[in-house]
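To keep things clear, I will list the structure first and then write my remarks on it.
Laboratory data are not the source of any read-out in this text; all were calculated from the coordinates shown. Quick caveat: nothing in here was measured; it's all calculated off a predicted structure. Heads up, the Cβs are rebuilt from the backbone with ideal geometry, glycines too, and the neighbour counts pull from every protein chain shown.
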Amino acid sequence: VCDAISGLIDEVNSGTLNRKTKEPFLATLKAACASFDRAQCKAGSNQLNAFINKVRAQLGRTNPAEAARLIAEAKAILDCVDCPAEE
C-alpha cells in the first residue's frame, strides 16, 4: 500500500500547489503509510479518507481538476485495501 501512497505523494509534490498547501496533505499521506507499515489497516484507511476530505475542502473550489485527480487516486488505493474485520 505504501508504494501506491508514495505515488500519490509524488503527485502532490509535482502538482501546482504551493509548499504551504502541500504540507498538510503530505503529512497525512505519510501518516497513512506509517499506519499501513505497522499493520494498522483501519488507521491507514482513516488517514486516506482524511486526505480526501482535506483535498475536497482546500482544493475543491480553487482547483477542482487537481482535487478530482488526487481524490480519485486516493479512492483507488482505498478500493485495493482490504482491512480485516477486527484489528
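Some points to look at:
- Which listed residue, of Leu48, Leu17, is in a helix (DSSP H, G or I) and of a type outside the set (S, T, N, Q): Leu48
- Hey, Thr62 of a type in the set (Ser, Thr, Tyr) and not in a helix (DSSP H, G or I) or not: yes
- Of the numbered criteria (1) surrounded by 15 or more Cβ atoms within 10 Å (Cβ to Cβ); (2) touching a residue at least 40 places away in the same chain (Cβ under 8 Å); (3) closer than 16 Å to Pro84 by Cα, the one Lys42 fails is (1).
- Here Gly60 meets each of (1) closer than 14 Å to Phe25 by Cα; (2) surrounded by 17 or more Cβ atoms within 10 Å (Cβ to Cβ) with one exception, condition (2).
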